[in-house]
1. Does the stretch 286-304 contain any residue that is closer than 24 Å to residue 54 by Cα, at pLDDT 95 or above and not in a helix (DSSP H, G or I)?
2. Among 101, 105, which is the only one that is of a type in the set (Lys, Arg) and either loosely packed, with under 12 Cβ neighbours inside 10 Å or in a strand (DSSP E or B) (or both)?
3. Select from the stretch 182-206 the residues that are surrounded by fewer than 17 Cβ atoms within 10 Å (Cβ to Cβ), over 30 Å from residue 224 (Cβ atoms) and touching a helix residue (DSSP H, G or I) at 6+ places or on another chain (Cβ under 7 Å) and list them in ascending order.
4. State which residue pairs qualify: first residue at positive phi and inside the stretch 212-240, second residue surrounded by 14 or more Cβ atoms within 10 Å (Cβ to Cβ) and modelled with pLDDT of 95 or more in any location, beta carbons under 6 Å apart, and separation of 6 or more residues or different chains.
5. Within the stretch 174-195, how many residues are at pLDDT 95 or above and under 20 Å from the mean Cα position of the chain (by Cα)?
6. Looking at 136, 119, can you tell me which residue is touching a helix residue (DSSP H, G or I) at 6+ places or on another chain (Cβ under 7 Å) and surrounded by 15 or more Cβ atoms within 10 Å (Cβ to Cβ)?
Amino acid sequence: MTDAPTPDRPTLTLFPDLGDLYRLQPQFNAGTVVELLRARNVREVLWASGPDPDHPLRDALPAAGIAIREGFTADWAWADAEHAELQSYLQQYPQGRERMRDAARAEQAFADELTAPLTAARIPALLDAARTYHATLKDRLDEGPGTRWHARRLDELAARLTGETGTVIAALDDLPGLLDRLPGAALADLHAAAPGELSRVRALADRAWQLRDEDDLNALLEALTRETGDRVTPRAELDAAAASIYLAVGDLAAARTLLERAAHALTDDQPRSLPGLVLARLGQVRDAQGDRDLALRTYRAVLALSHVPQVARETADLGLTTPFTLELPDEPGAE
C-alpha cells in the first residue's frame, strides 16, 4: 500500500517551461533548469510541454544526463488553425473586433511579464499572470477556438499524467490549470533558487549568439575565451559563438579557425543541436572564403546528421544551391 500524496510528498512535481524565452533570461535559462533539477536529484523528466524539436531543454537536459520521457502531449496544431478562422470571422463585426482587442491587450500584458527580467522567485507571480491571461481569453473569446481549446487540452494532458510520479516539465501558462486538475501535484519549490555556474556560462553563450548593435564585441570575445565550458555549454559551443562574432565583423580567418576547432571537438554526448549549428556556420565561412567544394561537403554533412536544428537545415539547404557571401555594413562616413 502506498502513502497518499501530501504537500510535502507530491506524486508529481510541476516545473515551469519557458520555451525559447530561456535563451533571453540570463538568470533563468537552460543551465539554471539543469542546476535546479540536479539539486533535486532528478534523473528523468516527463515532457508535457510543446513539440518544438529545437527547444533549449532538449539540448541541455540529455547533455546533462537527465532523460526526457515523452508520450504525454498530442498534436494540437489544428487548434491554431481554428483560432485563426475565428479571428477572421470576428474581424467582420465591430463587437468581434472589440473582443479581439481586449484579448490582444491581455496577451501583450502577459508577454510583458514573461519577457521582464526573470528569476526563479518570480515564478509564482507569473502563474498568477497566466491565470489572469487565460481567464480574460475565456471571457472575451469563449472556451473553444478562442482559447485554442485550452481547457480541453489540459483535461487530456492531466488524464495522461494521472497515475504518474516524478518531475513534469510543462508550459508555464499551463501550470495553474494542471495544478487544479491534478490533486497530487505541486509546483516545484523555487523560492530560494539562485543561478550558479552552469547558468552563468549558458547565459554568456545565449548572449553571444544574439548580437546587438550596442554590444561590446571585444568584451564578449574575452569572456568566451576565458571559459572552459561544461556539459550544457561545452567549449565547442563557446568557440562557435566566438566565431559568429568574428564572422559578423568580417574576420573570416579567425572564424574558420574557431569553427574547425569546434567541429573537431564535437562528441556524441554534447547538446544534440550543436553539430548542425557548428557545421552549417563552417560551411558558410568556407563558402565566403571561396572554398566552394569543401563548403558543399560541409553542407551535406549537416543534412546527414541524425538531428539538425531548423536554422542549420535551412542554412545547409540554401548553401547547396547558392554560395554564401558575406556582406558587411558600410563603415560610418563611407561613401
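1. Yes.
2. Answer to the selection: 101.
3. If the condition is that a residue be surrounded by fewer than 17 Cβ atoms within 10 Å (Cβ to Cβ), over 30 Å from residue 224 (Cβ atoms) and touching a helix residue (DSSP H, G or I) at 6+ places or on another chain (Cβ under 7 Å), then 191 is the only one that fits.
4. Hits for this filter: 229/235; 229/238.
5. So the answer is 2.
6. Result of the check over 136, 119: 136.
The values are calculated or read from the model by the stated rules, or taken from the named source; none is laboratory data. Values in this document were obtained by computation on a predicted structure and should not be read as measured data. Glycine also receives a Cβ, built like all others from the backbone with ideal geometry; neighbour counts cover every protein chain displayed.
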